[in-house]
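The values are calculated or read from the model by the stated rules, or taken from the named source; none is laboratory data. The shown structure was predicted, so the numbers you read here are calculated from the model rather than taken from an experiment. As a convention, Cβ positions derive from the backbone with ideal geometry for all residues, glycine included, and neighbour counts pool all protein chains shown.
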């Protein structure tokens, strides 16, 4: 008999039974399942496929085979992982262009204009499935919402470049090196996103800080703990880092 496996993320406890993952559902889950089905119908299979709900009301999704890492260890800081994450995000966005959200869909994050694509909302290394050193899928679509391409790219490149201050435990590279990785990511992503992503990152992080504080004020214990653990402080320091090195970071887009 197949045994249950349990995984603890930043917010949810997820259980796997065979090739099916059981996750706590949210008010947005039905809309997210419509989105995932649409993406699969477009021929993109780097996302879980919905399998309905279990007897306890948890959502059920197919398991994506591969490894998921909470941090970019030295062996994961390769050009291959960086650019494959960019092309994977591009393919995901392109598959979502023809999805038509319902105006009443209760997305976790607000709709942001121009709503060019369906943003993953949290396409970071801890939600990226890796096989043989390349990104092959994204999981955990709880934060999905309509928005501009650059809004989603900003958070992903913040995590993968990374665009983080030296005091952030996940940071690596000088501002020049970070800028080159941002530019490489955007070139791999393709048309529609360029140097303006540097100016979008601080706004994207500020929106995340505001969201965390709002959720904590509403009694969400997970976000209260995140704030107590200093996550918001790290984001604020990273905002200052990106703004302080803006010119250096943007210069990388001029070099080839």
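Within segment 111-125, identify whether any single residue is surrounded by fewer than 22 Cβ atoms within 10 Å (Cβ to Cβ) and outside any loop (DSSP other than H, G, I, E, B), and answer yes or no.
yes
So which residues in segment 139-152 are in a strand (DSSP E or B) and either within 15 Å of residue 189 (Cα to Cα) or free of Cβ contacts under 8 Å to residues at least 40 places away in the same chain (or both), if there are any at all?
145, 147
Can you tell me which of (1) modelled with pLDDT of 95 or more; (2) on the phi > 0 side of the Ramachandran plot; (3) out of contact with any helix residue (DSSP H, G or I) (no Cβ under 9 Å at 6 or more places or on another chain) is the one residue 43 doesn't meet?
With respect to (1) modelled with pLDDT of 95 or more; (2) on the phi > 0 side of the Ramachandran plot; (3) out of contact with any helix residue (DSSP H, G or I) (no Cβ under 9 Å at 6 or more places or on another chain), residue 43 is out only on (3).
Within segment 204-225, restricting attention to residues that are in contact with a helix residue (DSSP H, G or I) (Cβ under 6 Å, 6 or more places away or on another chain) and farther than 12 Å from residue 109 by Cα, which residue is modelled with the lowest pLDDT?
The residue in question is 223.
Would you tally the residues in segment 153-192 being in a helix (DSSP H, G or I) and out of contact with any helix residue (DSSP H, G or I) (no Cβ under 7 Å at 6 or more places or on another chain)? Can you show your working first?
Initial filter on segment 153-192 (in a helix (DSSP H, G or I)): 153-160, 175-189.
Checking the rest, the ones that are also out of contact with any helix residue (DSSP H, G or I) (no Cβ under 7 Å at 6 or more places or on another chain) come to 177, 187.
Total satisfying the criteria: 2.
Report yes if residue 93 is touching a helix residue (DSSP H, G or I) at 6+ places or on another chain (Cβ under 7 Å), surrounded by fewer than 17 Cβ atoms within 10 Å (Cβ to Cβ) and under 28 Å from residue 223 (Cα atoms), otherwise no. Don't jump to the end; show me each part of the working.
Numbers: touching a helix residue (DSSP H, G or I) at 6+ places or on another chain (Cβ under 7 Å): yes; surrounded by fewer than 17 Cβ atoms within 10 Å (Cβ to Cβ): no; under 28 Å from residue 223 (Cα atoms): yes.
Answer is no for this residue.
Could you tell me which numbered condition residue 117 fails, if it satisfies all but one of (1) touching a residue at least 12 places away in the same chain (Cβ under 8 Å); (2) farther than 20 Å from residue 200 by Cα; (3) assigned by TED's automatic domain parsing to the domain that holds residue 160?
(2)
Across segment 123-138, which residue is farthest from residue 74 (Cα to Cα) among those that are touching a helix residue (DSSP H, G or I) at 6+ places or on another chain (Cβ under 7 Å) and without any contact (Cβ under 8 Å) to a residue 40 or more places away in the chain?
123
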